[in-house]
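The values are calculated or read from the model by the stated rules, or taken from the named source; none is laboratory data. Please read all numbers here as calculations on a predicted model, not as lab measurements. In this analysis, Cβ positions are derived from the backbone assuming ideal geometry, glycine residues included, and neighbour counts consider all displayed protein chains. Protein only, heavy atoms only, side chains kept; ligands, DNA and RNA dropped before computing areas. Shrake-Rupley method; radii C 1.70, N 1.55, O 1.52, S 1.80 Å.
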Amino acid sequence: MEKDEIIRQRQANFRQTNAYAMQNGIILGVWSSLSLACFIGGLTTPIFNTLWLLTFLGIPVVTWILTLRFRRIVGLDVNFPFSRGFMHAFLTLLYCAVWAGVVTFVYLQFFDNGYLFDCYVQRLSDPELIKAMDATGMTQQIKDATGGLSAVDVVNEMRHVGAGNYAALIIYTYMLTSPVIAVVVGLLSMHRAHYTRN
């Protein structure tokens, strides 16, 4: 195979990988939004807290499943190298990050109305929790780290941070973790075609 032909084949493979990653990023974005909804529900209902943990830890698993599905679409009669699995998973997670950031922004900007922070203030105002934090020295550590603010004061300060900053934090977190997840998914998704001679 000539050099130009190899370059064209790689470009075609990347375009195909990117197109499927864009579609799968929407699916993973819906999963991530479900995880966010479970997190918010978990602030008042313990069962949603468990569901949040499962959906949050399931993000790499769903990414792997989507990559395996892409591998089947590409065809099991061709090689599926680490690089292609890595790139599909990485791009899928980046597209998911955009959707997760948008959902976070829309929720905090238009629907939350301080509910999230109110739940944290209520929880941190629980006398049993205050007693436990005092006993472990956590109250003093928070004061030392924040210049004398209590945990409730910190949460109230967080109210003044814009929704865009929290959305950016979600995207930034995905950007930091996606290469690690993509490496694992790429390794687990590799496939070498076995050709039979006639």
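Odds and ends about this structure:
- Residues in segment 43-81 that are among the aromatic types (Phe, Trp, Tyr), farther than 30 Å from LEU124 by Cβ and open to solvent by 70 Å² or more (accessible area, probe 1.4 Å): 1 in all.
- Every listed requirement among (1) out of contact with any strand residue (DSSP E or B) (no Cβ under 7 Å at 6 or more places or on another chain); (2) open to solvent by less than 60 Å² (accessible area, probe 1.4 Å); (3) in a helix (DSSP H, G or I) is met by GLN23 save one, (2).
- Meets criteria (in contact with a Gly (Cβ under 9 Å, 6 or more places away or on another chain) and either of a type in the set (Phe, Trp, Tyr) or more than 15 Å from CYS96 (Cβ to Cβ) (or both)) for PHE14: no
- Test: residue in segment 82-98 that is loosely packed, with under 14 Cβ neighbours inside 10 Å and of a type outside the set (Ser, Thr, Tyr): no
- Put simply, of ASP134, ASP77, ASP118 the only residue that is within 20 Å of THR45 (Cβ to Cβ) and of a type in the set (D, E, K, R) is ASP118.
- Any hit, segment 146-162, residues being assigned to a helix (DSSP H, G or I) and closer than 30 Å to VAL30 by Cβ: yes
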